[in-house]
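The values are calculated or read from the model by the stated rules, or taken from the named source; none is laboratory data. Bear in mind that the values here come from a model prediction, so they are computed numbers and not experimental data. Note that each Cβ is placed from the backbone with ideal geometry, even for glycine, and that neighbours are counted across all protein chains shown. Side chains are part of the model used for accessible areas, which takes the heavy atoms of the whole protein and leaves out ligands, DNA and RNA. Shrake-Rupley method; radii C 1.70, N 1.55, O 1.52, S 1.80 Å.
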Amino acid sequence: MNSSYFDLISGDKETQQTKGLGLLLSKSQTALKAFLDINSIKSKVGEIDLKSLSRVIVNCELISNSLNKYRADIVLRFYKDGQPFKAILIEAKSINKGTSVYETNKQIENYIENEVFKELKVFGNNSLGITLTKLPSYTRHASLVSITWEDIISAFYKVLPNQNTLLDDYFSFLTNINGTMKFYEKEVFSIPTAKWSEQAINKLKVYECPNSGKYLIKHKPLYITFRKSGGGEMDKLFKVEDIIILNFHDDLDTFMKDENYSENYRNGVKGYVDYLLENKIWLELPKDEKQVFILSDNIIELKNKPKPKNGNNSFRAYYELADLLNKELV
């Protein structure tokens, strides 16, 4: 009953999502304009008046002419008065995969710097690379931008015509929730925490952990709670405002200048960094990628102070909100 053209695209969900986006951008001027109006893209490419363009070419899975064959997920080429104007190369990873943004960035940097695709050479410095992933990141590369699938969903939600158009179909396909906004996958993420981390969280509403191994966030949570040592008691729920992939050593300065994030977010992260350095928890800025959680000031107190049944406090788990609110043992 709810199937559309996008369900007919071959491949897994990642392939369907990405090819579907390419199809949509080539067929819907409304969707293309909404995409180009995403703040981080607009800040790099500027205002593009689609009516002034003489031609737009959209390629999906464009094959390079280099010795090592590369495949670009989506390439957009814009022409004005018949001449190359601007080009955008998009490398996308599934909405359901917490793929390392660092690896995606390196992949697209290689495409741009080494002129892997002959179709982009005539655009020179007017080529922009976009990494489209589950979580945002930062890079100092002048021709690279990071956006998320959430940015795509938000941009399209604002302009949905709700008239059974291709854009409506793609939005429904992407969200599978019939137009209802849902930017989380699990209700509560529960993790053990040390005393110093608990103090920083309560004071600054920021939490970070490595973006690798057992620490990888597989499902974006609505809330996060921290278990105390000595039994795993949980006394607060923090609403997750955002999760950002950040290399503090390489990208903190870039992040602090990024006006796509509120001043409060940026000041909170800087305050967290200063706190850890001042208290000698960090001797220097770490050089590995971190998952940085920006938490809301609005906290839910867990009056029954639930804790795990087995008393083990070394694991990470997802809980149902109702269980934490209504039970003492979970």
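Details
- Cβ-defined net charge surrounding ILE74, 14 Å radius [Lys, Arg +1; Asp, Glu -1]: 0
- Taken per residue, the accessible surface of the stretch 194-308 reaches 49 Å², heavy atoms only and a 1.4 Å probe.
- Burial order of peptide ranges 280-286, 30-36 (average beta-carbon count within 10 Å, highest first): 30-36, 280-286
- Measuring r between the beta carbons of SER52 and SER3 and using R0 = 41 Å, the FRET efficiency lands at 0.65.
- Our summary gives the chain a relative contact order of 15 percent, counting only alpha carbon pairs under 8 angstrom and 6 or more residues apart.
- Radius 11 Å from Cβ of ILE244, net charge of other residues (Lys, Arg +1; Asp, Glu -1): -4
- Projected label points at PHE315 and ASP250, each 7 Å from Cα along the beta carbon direction, are separated by 3.5 nanometres.
- Sorting the segments 185-195, 126-136 by their residues' average number of neighbouring beta-carbon atoms within 10 angstrom, most packed first, yields 126-136, 185-195.
- The chain: proportion of alpha-carbon pairs further apart than 39 angstrom, %: 20 percent
- About its Cα centre, the dipole of the chain is roughly 380 debye, where the only charges are +1 on Lys and Arg Cβ and -1 on Asp and Glu Cβ.
- For the stretch 31-87 versus the stretch 193-210, the inter-centroid distance based on Cα atoms is 41 Å.
- Look at the dipole of the chain built from charges on Cβ: of PHE6, ASN310, ILE38, the Cα furthest out on the positive end belongs to ASN310.
- Accessible surface of the chain, 1.4 Å probe, proportion on carbon and sulfur as whole %: 45 percent
- Listed pairs LYS220/LYS280; LYS19/LYS86; LYS106/LYS287 exceeding 24 Å between Cα atoms: LYS220/LYS280
- Take the Cα of LYS303, step 7 Å toward its Cβ, do the same at GLU259, and the gap between the two points is 4.6 nm.
- Within the shell defined by Cβ-Cβ distances under 14 Å, the residues around LYS303 carry a net charge of 0, with Lys and Arg each +1 and Asp and Glu each -1.
- For the stretch 154-294, the spread of Cα positions along the three principal axes, ordered from largest to smallest, is 58, 39, 27 Å.
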